[in-house]
Amino acid sequence: MSEAFKSVPELHKNETAQPLKFALITISSSRYEKFGKVRTPEAAEDRSGQLIQKELKSAGHRILAYRLVPDKMEEISSALASSLKSGASVIITSGGTGLTSKDLTIEALSPLFEKEIPGFGELFRYKSLEEIGTAAILTRAVAGIVKGKAVFCLPGSPNAVKLALKEIIIPEAGHIVKHIGE
């Protein structure tokens, strides 16, 4: 298709098709108790973290940092603060988005959002509906902007991570980063 017939979103995506820098945070108290502070998803036997890393690298992006933290508000906030300093333009968290009293990712991070990206959560739940039915309402996945960086809060399930990355984050991250920088 010639440039003249492409939609504005398609043109923007073409302008932003460059490698991005990511930071990853896995929130899991049980994994943290077993493995402690580790530097890679492999060292924590973190299937979702490994999947995120694989998908991002396959798409040509770089991973600058990985953190494993327990599901505690101060630990989650501290991991985000470190990730913001890493040089990453996109931060992905995995875990702690459910409805149990132990799921605190949203409570820790959404108050820090300068702007929310409501379409992410809406689209993620819509796409999840196709895969898991009405159980999609059990996730509180959200995204927002913190200090000029895009932050995506994903469930800990490998299937949810794969869906979010392939269907939403990888196709739109460059476009989002471009707009944040304007």
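The table below lists the values:
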read-out	value
Among the residues listed as Ile76, Ile117, Ile63, the single one being closer than 18 Å to Tyr32 by Cα and either aliphatic (A, V, I, L, M) or touching a His at 6+ places or on another chain (Cβ under 6 Å) (or both)	Ile76
Residue match in region 104-116 (condition: closer than 20 Å to Leu51 by Cβ and in contact with a helix residue (DSSP H, G or I) (Cβ under 8 Å, 6 or more places away or on another chain))	yes
Positions within region 82-104 being under 11 Å from Ser28 (Cα atoms) and either aliphatic (A, V, I, L, M) or more than 15 Å from the chain's Cα centre (by Cα) (or both), in sequence order	Lys102, Asp103, Leu104
Subset of region 116-128 (residues that are free of Cβ contacts under 8 Å to residues at least 40 places away in the same chain and over 11 Å from Leu163 (Cβ atoms))	Glu116, Pro118, Gly119, Gly121, Glu122
Conditions (1) touching a strand residue (DSSP E or B) at 6+ places or on another chain (Cβ under 6 Å); (2) surrounded by fewer than 17 Cβ atoms within 10 Å (Cβ to Cβ); (3) among the hydroxyl-bearing types (Ser, Thr, Tyr): number failed by Ser101	(1)
Within region 116-151, tally of residues that are in a helix (DSSP H, G or I) and not hydrophobic (A, V, I, L, M, F, W, C)	12
Matching helices (runs of 4 or more DSSP H) fully within region 16-115 where at least 3 residues are without any contact (Cβ under 8 Å) to a residue 40 or more places away in the chain	29-35, 47-58, 73-84
Residues (of a type in the set (Ser, Thr, Tyr) and surrounded by fewer than 20 Cβ atoms within 10 Å (Cβ to Cβ)) located in region 20-31	Ser29, Ser30
Qualifying position, being within 15 Å of Phe113 (Cα to Cα) and buried (at least 16 other Cβ atoms within 10 Å of the Cβ), among Leu80, Leu68	Leu80
Considering residues of region 29-47 that are small (Gly, Ala, Ser) and in contact with a Lys or Arg (Cβ under 9 Å, 6 or more places away or on another chain) only, the residue farthest from Ala143 (Cα to Cα)	Ala44
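The rows are residues; the columns are (1) in contact with a Leu (Cβ under 7 Å, 6 or more places away or on another chain); (2) touching a residue at least 40 places away in the same chain (Cβ under 8 Å).
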| position | (1), (2) |
| --- | --- |
| Glu130 | no, no |
| Thr134 | no, no |
| Gly144 | no, no |
| Lys147 | yes, yes |
| Leu154 | no, yes |
| Val161 | yes, yes |
| Glu167 | no, yes |
| Val177 | yes, yes |
| Gly181 | no, no |
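Every number here is computed from the coordinates shown, using simple stated rules; none is lab data. Computed from a prediction, not measured in an experiment: that's the story for all the values here. Reconstructed Cβ throughout: ideal geometry from the backbone, glycine too, with neighbour counts over all protein chains shown.
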